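The values are calculated or read from the model by the stated rules, or taken from the named source; none is laboratory data. The structure presented is a predicted model; accordingly, all values stated were derived computationally and were not measured. Note that each Cβ is placed from the backbone with ideal geometry, even for glycine, and that neighbours are counted across all protein chains shown. The area values use the complete protein model at the heavy-atom level, side chains included, leaving out ligands, DNA and RNA. Shrake-Rupley method; radii C 1.70, N 1.55, O 1.52, S 1.80 Å.
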Amino acid sequence: MSDSIGMPRVRVATTSLAGCFGCHMSLLDMDERLLELAKVVEFDRSPLTDIKHCGPCDIGLIEGGVCNAENVHVLREFRRNCKTLVAVGACAINGGLPAQRNHLDLGDCLQQVYVKRDGIEEGGVPDDPELPLLLDRVHPIHEVVRVDYFIPGCPPSGEAIWKFLTDLIGGRTPRLAHPLLRFD
Amino acid sequence: MGGTFLFDGRPVPFEEGQTILQAARAAGHYIPHLCWHPDFPPHGSCKLCIVKVGGRHVSSCALPARDGMEVESNTPEINGERRALLQMLFVEGNHFCPSCEKSGNCQLQALAYELDMSSARFAHFYPDRPVDASHPDVLLDFNRCIFCELCVRASRDVDHKGVFALTGRGIRKHLVVNAESGRLADTDFAVSDRAADICPVGVILHKRVGFAVPIGERKYDEASISIVAMEKGE
């Protein structure tokens, strides 16, 4: 990647919805190439900056699926602000592990975890108004907003994220081929 | 009487009775497939092997080769249709690769890689398909069934047991076990059966061997399915 002193840097926002931050760990797993990336990229809203709301951005990276009302608001904020929105990892693409509850009744799930579980004495389903409302099903993000690109993997390797971002920033059509394209 | 046809513009010889897929493979050309297996007669249900002959879509596993045919296979149009078929298979079942023992050895997953499928595109069904862990040596995870009927055919035609069947129609089609209880433990199914090793995806799994092969050494980790399938003749 060419040095771009004087060029406006590409603005990138990232977030984790119903995810485990594994994809963000993979982003950091680029090791020293992060320094090269930092020359051409600046971060907007992201767990890395702790900025709470997304401003106008070039690229939005979404980890995790949509499991509650807050996820929907965050995802729509990203879609409004990001020119290119990217689903990163299995959960953003097909719901992933959280979606394994999708064939179960949500009420039954909550009862089992917070009321009926062994060892719980005075259980109760948490109902603090601060808690985001759970959706009956976990959705891949493309079921809620339009998504421009998908980077599969659980998590995608740092190598795959690097290849994708450098392609996109370099003006090439991003393409992940074997063996960077993988679902596990 | 054999002859020659054109496969993506290249001449491929064939012998009388060979299908397009058989002749193409003999000449070193891979055609994607899921329900086809070299040891079984063509089934023609998965449609991954579709090719275009004279402007018409045909299943290359089932159509006998004819002299002078012009066959299109590895084209953006046909591969796009194959990808759409894969995407429909992915949303119809529960294909959660990160937790699947078959990951890395799975033909459905490997074909998705081969055909550049980065998302399932359609809305997921998330069906409820309970697993059958009743058998002492084999686990059945129906979530991953793609209805290729290879287990049905292997159990019926090779093992002569008829353990498996498909029932229901259309979107309600599903794999069942041929026992009054519906449980695999109540059949004469054995881990040494041909049907126990035929599943191209992760439905029929041997117990106590899951994840034994590390990531990086699995069947499709090194080379893609188009190379592995031709080398191993499957």
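The residues on offer are B:R82, B:R56, B:R129, and the sole one that is within 14 Å of another protein chain (Cβ to nearest Cβ) and either of a type in the set (K, R) or under 14 Å from the mean Cα position of the chain (by Cα) (or both) is B:R129.
Just one of (1) under 15 Å from the mean Cα position of the chain (by Cα); (2) of a type in the set (A, V, I, L, M, F, W, C); (3) within 14 Å of chain B (Cβ to nearest Cβ) fails for A:L61. It is (3). Residues in the stretch A:63-76 include at least one that is without any contact (Cβ under 8 Å) to a residue 12 or more places away in the chain and closer than 30 Å to B:F96 by Cβ.
Scanning the stretch A:54-73 for residues that are among the small types (G, A, S) and closer than 22 Å to B:S99 by Cβ gives A:G64, A:G65.
Filtering A:R101, A:R76, A:R175, A:R80 for residues that are within 11 Å of chain B (Cβ to nearest Cβ) and more than 22 Å from B:S99 (Cβ to Cβ) leaves a single hit, A:R175.
Of the residues that sit in the stretch B:110-126 and are at the interface with chain A (Cβ under 9 Å from one of its Cβ atoms) and open to solvent by 30 Å² or more (accessible area, probe 1.4 Å), which one is farthest from B:L86 (Cα to Cα)? Restricting to residues being at the interface with chain A (Cβ under 9 Å from one of its Cβ atoms) and open to solvent by 30 Å² or more (accessible area, probe 1.4 Å), the top hit is B:A123. If the condition is being more than 14 Å from every other protein chain (Cβ to nearest Cβ) and open to solvent by less than 40 Å² (accessible area, probe 1.4 Å), then the stretch B:85-109 contributes no residue at all. Please go through the stretch A:133-182 and pick out each residue that is assigned to a loop (DSSP other than H, G, I, E, B), buried (at least 18 other Cβ atoms within 10 Å of the Cβ) and small (G, A, S). If the condition is that a residue be assigned to a loop (DSSP other than H, G, I, E, B), buried (at least 18 other Cβ atoms within 10 Å of the Cβ) and small (G, A, S), then A:G153 is the only one that fits.
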